[in-house]
Amino acid sequence: GEDLVMGNRALLGWVLENLIKNAAAACAWKDVDSTISVTCDNNPDDAGMVTILVSDDGIGIPYSNQGRIFKAGFTTRKGGWGLGLSLARRIVEEYHSGSIRLLSSVPDKGSVFAVKLPLCRSNEC
C-alpha cells in the first residue's frame, strides 16, 4: 500500500519549496549545468518514518557556516532575512514531530538536506 504522512500540505509544501529554492540559488553560482533532486527514502531500519532528501550539486555550504544555517537571522544572501531554514525547522519539528537536517555539504560539490516525517498509522489517515 502507499505510505502517507499526516501533516499540513501547505506548510510542508513551503518547507520543500524553500529547500528547492535554496538549492537553485546554490546552483546559480556555478557556470555549468546543475542538478537538484528530491527523493523519498523509506528505510526499513527507520520504521514509521519517511525521509525526503533534497540534494544539489551547487556551491555547497562552507564548513564554518554549517552549524549556523538553521539559526534565525543567519543568511549569506544579500537582502535575505535568514528566516527560511529556521522557520522550516520549526514547521517540521514543532508542527509535524519530524526532523530536518543538513545531511552533508561539501564546498563546490553540493548539499543534501533530509526532512524526516512520521508516517501516519492506518487509523489516523
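The values are calculated or read from the model by the stated rules, or taken from the named source; none is laboratory data. No experiment lies behind these values; they were computed from the predicted model shown. We place every Cβ from the backbone using ideal geometry, glycine too, and count neighbours over all the protein chains shown. Remember, those area values only see protein heavy atoms, side chains included, never the ligands or the DNA or RNA. Shrake-Rupley method; radii C 1.70, N 1.55, O 1.52, S 1.80 Å.
Quick rundown of the values:
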{"quantity": "Only listed residue being out of contact with any strand residue (DSSP E or B) (no Cβ under 6 Å at 6 or more places or on another chain) and exposed (fewer than 13 other Cβ atoms within 10 Å of the Cβ), chosen from GLY67, GLY84, GLY7", "calculated": "GLY67"}
{"quantity": "Qualifying residue in the range 45-60 (condition: free of Cβ contacts under 8 Å to residues at least 40 places away in the same chain, under 21 Å from LEU4 (Cα atoms) and open to solvent by 80 Å² or more (accessible area, probe 1.4 Å))", "calculated": "yes"}
{"quantity": "Lone qualifier among CYS120, CYS125 - being open to solvent by 80 Å² or more (accessible area, probe 1.4 Å), at pLDDT below 95, over 11 Å from the mean Cα position of the chain (by Cα) and hydrophobic (A, V, I, L, M, F, W, C)", "calculated": "CYS125"}
{"quantity": "Tally of residues being part of a loop (DSSP other than H, G, I, E, B) and among the aromatic types (Phe, Trp, Tyr) across the range 1-32", "calculated": "1"}
{"quantity": "Flag for PHE74 being surrounded by 14 or more Cβ atoms within 10 Å (Cβ to Cβ), over 23 Å from PRO118 (Cβ atoms) and not acidic (Asp, Glu)", "calculated": "yes"}
{"quantity": "Residues located in the range 17-37, provided they are of a type outside the set (Lys, Arg), touching a helix residue (DSSP H, G or I) at 6+ places or on another chain (Cβ under 9 Å) and closer than 19 Å to ILE69 by Cβ", "calculated": "ASN18, LEU19, ASN22, ILE36"}
{"quantity": "Tally of residues being charged (D, E, K, R) and surrounded by 15 or more Cβ atoms within 10 Å (Cβ to Cβ) across the range 89-106", "calculated": "2"}
{"quantity": "First in the range 4-24 and modelled with pLDDT under 95, second anywhere and open to solvent by 80 Å² or more (accessible area, probe 1.4 Å), Cβ under 7 Å, 6 or more apart", "calculated": "LEU4/CYS125; MET6/CYS125; ASN8/TYR95"}
{"quantity": "Filtered residue count, the range 107-117, keeping only those that are among the basic types (Lys, Arg) and open to solvent by 70 Å² or more (accessible area, probe 1.4 Å)", "calculated": "1"}
{"quantity": "Flag for ASP41 being open to solvent by 60 Å² or more (accessible area, probe 1.4 Å), out of contact with any Gly (no Cβ under 9 Å at 6 or more places or on another chain) and modelled with pLDDT under 95", "calculated": "yes"}
